[in-house]
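Q: After the structure tokens below, expect a handful of questions from me.
The values are calculated or read from the model by the stated rules, or taken from the named source; none is laboratory data. Computed from a predicted structure; not experimentally measured. No Cβ is skipped: glycine too gets one built from the backbone with ideal geometry, and neighbour counts run over all protein chains shown.
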Amino acid sequence: MSTTIRVFPVQGEKAQEFIPDLARLRIQVFREFPYLYDGDMAYEQRYLQTYIQSPRSVIVIATDGDRVVGASTAIPMADETDSFQQAFIKAGYDVDKIFYFGESVLLQEYRGQGIGVRFFEERELHAKRVGEFELYTFCAVERPLDHPLRPADYQDLSEFWNHRGFNKKPELYTHYKWKDLNESLETEKKMVYWMKPVKAGMHES
Ligand SMILES: CC(C)(COP(=O)(O)OP(=O)(O)OC[C@H]1O[C@@H](n2cnc3c(N)ncnc32)[C@H](O)[C@@H]1OP(=O)(O)O)[C@@H](O)C(=O)NCCC(=O)NCCS
């Protein structure tokens, strides 16, 4: 990792300062496949309020000099909105024991230097500082293999996530709605959850 790059967690008021950067990065990075998200700042500011309102959330920031080049979020599942909690409640999980990792967004030119690994490490450290959680989770969009906008050289992140200790839980999923770049209206996307036990040896379900 270049010596000008810093990766650090921010919380509360300090995190609020970075919301516009996080929104900008989400819009820019999630335009790429597989998200194809046609985002706007107004929606972003509303969505990110959940993180601002939770005293136990964290945003991990990556900077290169003064420039914010990446960010990653996490929050206790109990502080998430009802719609996020539903899949877990239905499947019989105790949401108080689950720590949810939101997005990781990093500009293309900064990938492959270990910043994504740091995003996971910093969020896990944060979770251990703020509570007694049993599971980490995040979700990822499912796209058909023959999706017309899938780049020929697209490499999905499954291996990267497996290497971070996460396993895909195909039976645990939800749907989010957003407008794809090639669509005129919002449509529902299937989001499948991945999980990792906080303590090695602990089972996921
Ligand atoms: C997800 C994302 C943040 C990963 O970021 P990244 O910085 O490229 O990931 P890393 O460089 O940390 O890790 C990638 C691999 O390179 C390795 N690596 C390469 N150079 C490295 C270095 N100098 N130090 C440590 N690890 C390095 C990592 O170990 C990892 O390999 P592994 O899985 O075999 O362990 C980035 O791909 C991204 O922004 N993607 C688009 C948005 C997205 O899909 N986000 C996820 C869903 S929200």
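Q: Mind listing just one residue for me: the one in the stretch 51-83 that is touching a strand residue (DSSP E or B) at 6+ places or on another chain (Cβ under 7 Å) and modelled with pLDDT under 95 and, of those, nearest to I19 (Cα to Cα)?
A: Per the criteria, the residue is Y51.
Q: State which residue pairs qualify: first residue polar (S, T, N, Q) and inside the stretch 24-46, second residue more than 11 Å from the ligand (Cβ to nearest atom) in any location, beta carbons under 9 Å apart, and separation of 6 or more residues or different chains.
A: Short answer, once both residue conditions are applied: Q28/G39; Q45/I19; Q45/P20; Q45/A23.
Q: Here's something else I'd like to know. Criterion first (within 11 Å of the ligand (Cβ to nearest atom), closer than 23 Å to R111 by Cα and out of contact with any helix residue (DSSP H, G or I) (no Cβ under 6 Å at 6 or more places or on another chain)) does N167 satisfy it? Even if it seems obvious, please write down each step before you answer.
A: On the way: within 11 Å of the ligand (Cβ to nearest atom): no; closer than 23 Å to R111 by Cα: yes; out of contact with any helix residue (DSSP H, G or I) (no Cβ under 6 Å at 6 or more places or on another chain): yes.
For N167, the condition - within 11 Å of the ligand (Cβ to nearest atom), closer than 23 Å to R111 by Cα and out of contact with any helix residue (DSSP H, G or I) (no Cβ under 6 Å at 6 or more places or on another chain) - is not met.
Q: Here's something else I'd like to know. Considering only the stretch 130-152, I want to know if a residue exists there that is in contact (Cβ under 8 Å) with a residue 40 or more places away in the chain, surrounded by 16 or more Cβ atoms within 10 Å (Cβ to Cβ) and part of a helix (DSSP H, G or I).
A: For the stretch 130-152, residues in contact (Cβ under 8 Å) with a residue 40 or more places away in the chain, surrounded by 16 or more Cβ atoms within 10 Å (Cβ to Cβ) and part of a helix (DSSP H, G or I): present.
Q: Here is a follow-up. Filter the stretch 162-205 for residues that are modelled with pLDDT of 95 or more, of a type in the set (D, E, K, R) and closer than 16 Å to D94 by Cα and give the result.
A: Scanning the stretch 162-205 gives a single hit, K196.
Q: I need a count of the residues in the stretch 100-135 that are more than 22 Å from L25 (Cβ to Cβ) and within 16 Å of the ligand (Cβ to nearest atom).
A: 0
Q: Here's something else I'd like to know. Return yes or no: is E32 modelled with pLDDT of 95 or more and charged (D, E, K, R)? Spell out how you get there, then give the answer.
A: On the way: modelled with pLDDT of 95 or more: yes; charged (D, E, K, R): yes.
Criteria met by E32.
Q: Look through the stretch 149-163, keep the residues that are within 10 Å of the ligand (Cβ to nearest atom) and among the aromatic types (F, W, Y), and return whichever of them is nearest to the chain's Cα centre (by Cα).
A: W161
Q: Please work out which residue is surrounded by the most Cβ atoms within 10 Å (Cβ to Cβ), limiting yourself to the stretch 1-54 and to residues that are of a type in the set (K, R) and away from the ligand (no atom under 12 Å from the Cβ).
A: Checked the stretch 1-54; the qualifying residue surrounded by the most Cβ atoms within 10 Å (Cβ to Cβ) is R24.
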